[in-house]
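First comes the structure, then the notes that go with it.
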Amino acid sequence: MSDDTADATATAPVVRLERVAEHGTDAGIRILTLDRPERLNAMNPALIDQLHDRIDELRADADARVVVLTGAGRGFCSGLDLQDASPTGLAGTEGRGRMQRGMDVQQRIAGLVPALRSLRIPVIAAVNGAAAGGGLALALASDVRIAATSAKFNVAFVRIGLSGCDIGVSWLLPRWIGASRAFELMLTGRMVFADEAERIGLVSRVVADEDLLDAALDTARQVCANSPTGVWMTKEVMWAQLEVGSLTAGIDLENRTQILTSYTEDMHEAIGAFMERRPPEFRNR
């Protein structure tokens, strides 16, 4: 492969961010697609960098209301691409020592989890096929998980001689399915298929593969039926409650948030629309 071909391959789009519609009820819905289907959307330097860039674009998109995260082809994300994981390909690692480059890569990958969590809009993971290792972490970092019947999940890190505790998984997984189940999955690295994932609460529901995107979009539309600020504050408080140490502190946080949202124009619009039996027209004010 020539240097020009290698450079073109490294910079080719492997993460797509698309609007569902320019106008109408779906105008606020975005679809974020990992697009390396020939590698089951495994994480290489280009995918990691581009996913950070697309998340930054979402953060700057004032019209975005919700994003569906999915994978092209047969897989959601099969984790780190062991055949294309050189830290020298990641932006900002040039001229660094081996340890420093390794930490740069580790923090860059792990940073995807708080980046998704800190988005003001909800992230709906539409999981098709494998969500392994870093792919599992992306699914866990999402606010809602919907699985296709082909979906399968595992803590892949422990299967390749590393700790199972990586990319936020050891913090997130016990909170979604409980500590006892999380310990077993993290220590064994065994595969969890869609039916078990639904049973243990890892995903909210399972649908046929051909219905996955429609199911995710249906959930996205239900989110968009609520006010932007109400959804933003709900996401923010729900995540904060995972770290709040007492019921009293949690209620105090809720109380302040409710008073804040009561001063928005959209709250009054929502009440007026309900009373008048019409769809609300939110202005994010």
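What the table shows:
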read-out: Computed label-point distance, nm, for sites ALA240 and GLU38 using a 7 Å Cα→Cβ extension; value: 4.7
read-out: Order by protection proxy (mean Cβ within 10 Å, highest first), peptides 117-123, 77-83, 265-271, 178-184; value: 77-83, 117-123, 265-271, 178-184
read-out: Estimated inter-spin distance, GLN100 and MET275, nm [label 7 Å along Cα→Cβ]; value: 6.4
read-out: FRET efficiency estimate (nearest 0.05) - Cβ-Cβ, GLN107 to ASP252, R0 30 angstrom; value: 0.35
read-out: Among 101-109, 250-258, 50-58, the order from most to least packed when residues are scored by Cβ within 10 Å on average; value: 50-58, 101-109, 250-258
read-out: 222 nm mean residue ellipticity, helices alone, for the chain (DSSP H n ≥ 4; -39,500 (n - 2.57); rounded to 500); value: -14000 deg cm²/dmol
read-out: Only Lys, Arg (+1) and Asp, Glu (-1) charged, at Cβ; the chain dipole about Cα centre in debye; value: 720
read-out: Between 0 and 90°, nearest 10: helix 98-110 axis offset from the chain longest Cα axis; value: 30
read-out: Cβ crowding within 10 Å averaged over residues, with 201-209, 232-240 ranked highest first; value: 201-209, 232-240
read-out: log10 of Debye I(q)/I(0), alpha-carbon scatterers only, for region 20-168 at 0.16, 0.17, 0.19, 0.21 Å⁻¹; value: -0.86, -0.96, -1.17, -1.38
read-out: Reciprocal of mean inverse Cα separation for the chain (Kirkwood radius, Å); value: 20.1
read-out: For VAL20, VAL127, order by how many other beta-carbon atoms lie within 10 Å, fewest first; value: VAL20, VAL127
read-out: Label-point separation in nm, GLU210 to ARG175, each point 7 Å along Cα→Cβ; value: 3.8
read-out: Residues ALA62 and GLN83, FRET efficiency given R0 of 51 Å [Cβ-Cβ distance, rounded to 0.05]; value: 0.85
read-out: Region 180-194 - phi-based ³J(HN,Hα) in whole Hz, Karplus 6.51/-1.76/1.60, Gly and Pro as x; value: 4, 5, 5, 4, 4, 5, 6, 7, 8, x, 5, 7, 10, 8, 4
read-out: Karplus 3J(HN,Hα) series, Hz, for region 248-254 with 6.51 cos²θ - 1.76 cosθ + 1.60 (x for Gly, Pro); value: 4, 5, x, 5, 4, 5, 4
read-out: Antiparallel DSSP beta bridges within region 3-224, as percent of all bridges there, nearest 5; value: 25
read-out: Environment charge at THR234 (Cβ cut-off 12 Å; Lys +1, Arg +1, Asp -1, Glu -1); value: -1
read-out: Amide proton proximity set for VAL207, modelled H, under 5 Å, gap of 5+; value: ALA147, ALA148, THR149
read-out: LEU69 long-range amide H proximity, modeled H, under 5 Å; value: LEU32, ILE124, ALA125, ALA126
read-out: For ALA42, distant residues with modelled amide H under 5 Å away; value: SER78
read-out: Computed FRET value (nearest 0.05) for GLU196 with SER163, which takes r as the C-beta separation and R₀ as 25 Å; value: 0.60
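Since every read-out is calculated from the coordinates, none of them should be taken as a lab result. Please read all numbers here as calculations on a predicted model, not as lab measurements. Cβ coordinates were reconstructed from backbone atoms using ideal geometry, including for glycine residues, and neighbour counts include every protein chain displayed.
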